[in-house]
1. Which of the peptides 231-243, 194-206 is most tightly packed, and how do the rest follow, judged by the mean count of other Cβ atoms within 10 Å per residue?
2. Identify, among Thr21, Thr40, Pro56, the residue whose Cα sits farthest towards the positive end of the charge dipole of region 5-65, taking +1 on the Cβ of Lys and Arg and -1 on the Cβ of Asp and Glu, with the dipole about the Cα centre.
3. If you roll a 1.4 Å probe over the heavy atoms of the protein chains, what accessible area per residue do you get for region 202-272, in Å²?
4. Can you show me the helix-derived [θ] at 222 nm for the chain, built from DSSP H runs with n ≥ 4 at -39,500 (n - 2.57) apiece and divided by the number of residues, rounded to the nearest 500.
5. Arranged from highest to lowest average of other beta-carbon atoms within 10 Å per residue, in what order do the peptides 23-29, 272-278, 294-300, 174-180 appear?
6. With springs connecting C-alpha atoms under 10 Å apart, model the chain as a Gaussian network and identify which of Gln288, Gln20, Gln105 has the largest mean-square fluctuation.
7. Based on the Cα gyration tensor of region 112-210, what are the three equivalent ellipsoid semi-axes, each the root of five times an eigenvalue, rounded to whole Å and given largest first?
8. Jot down the per residue volume, in cubic angstrom and as a whole number, of the convex hull over the alpha-carbon atoms of region 20-146.
Amino acid sequence: MSPAAKPYRAPAWLPGGHAQTIWPLLIKPTPLKLRRERWTTPDGDFIDVDHLDAPPGAPVLVLFHGLEGSARSHYAISTARACRKAGWHFVLPHFRGCSGELNRQPRAYHSGDSAEIDWILRRLHHANQGRRLHAAGVSLGGNALLKWAGEQGEMAAELVTGVAAMCAPLDLAGCGHHLARGFNRLYTQHFLKTLKAVSAARLQRFPGLFDAVRMQQAINLYQFDDAITAPVHGFAGADDYWARASAKPWLASIRIPALAVNPKNDPFLPAHHLPSQAEVDTSVRLEQPAEGGHVGFVSGPFPGNLDWLPQRLLHFFQHETQ
């Protein structure tokens, strides 16, 4: 019998969803040296893919990062370190424009970018000589990955052993509107600072791509997505984008082992927007701990560590995808 996964419990010294979200930024581990590859996309753009190599035949864990994330995000570093200890090959594909260099095409990336997920997984599957991959995603990357799994249904098993998502914003409308309120506006301003800077650079390269005035005036994610993300990526507006890109409606169509971990105190997504087990396929395991924040999951005595998230991922793929 396989050992049971360790449930998440927040340390008593770090109470509350905001503290649990922000503290990991202050205890981020030292990044490992990763090998970078540049891949040309089917439409002539590029993405940068970082690898932590392991011996041939070792399990491969691919991790899709969150909004404006990268291989230097705290969850990526802690997962890479856990993979090194376990002897696994770790892969982090950067979404377009997230590796430190502006991408070539007008489009960027978005929460429902399942077509990009599909292309990346198929290329990794081929590079791995046809062996199936372990696929995980965090926040935005988790939403896009779960959406991909739902769209693929049984065919997803041809590429991956299963999928795991940590703090995916499964209901984008619920998430986006919640981030426009109260203290949560601090997170919104953090995202908008980088999103606007990259978008301004993209507009210089592609004049007329979107309305620069509307971009500068955007004070929340709804206004930004309505002015930029939606039209650039083929959506009618923010409402259309949030409805069509959310993973929640696709959870009933997943036919491979799937894990969705969503703390009930995540500042990004109120608990009442989380799905129940009745709303998802039997292959989907929902874990909704009382605490954890947004991709926080700090554990241990002060000052804490970030080991729980990567260990939960490794346990899922080692013991729960058979």
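The values are calculated or read from the model by the stated rules, or taken from the named source; none is laboratory data. These figures come from a predicted structure and were not determined experimentally. Cβ: placed from backbone, ideal geometry, glycine included. Neighbour counts: every protein chain shown. What goes into the accessible areas is simple: the full protein's heavy atoms, side chains included, and nothing from ligands, DNA or RNA. Shrake-Rupley method; radii C 1.70, N 1.55, O 1.52, S 1.80 Å.
1. Top of the packing list down: 231-243, 194-206.
2. Thr21
3. Normalised by residue count, the accessible surface of region 202-272 is 44 Å².
4. -10000 deg cm²/dmol
5. By packing density, highest mean first, the sequence is 294-300, 174-180, 23-29, 272-278.
6. Gln105
7. Equivalent ellipsoid of region 112-210: 31, 19, 11 Å, largest first.
8. Cα-based convex hull of region 20-146, divided per residue, equals 111 Å³.
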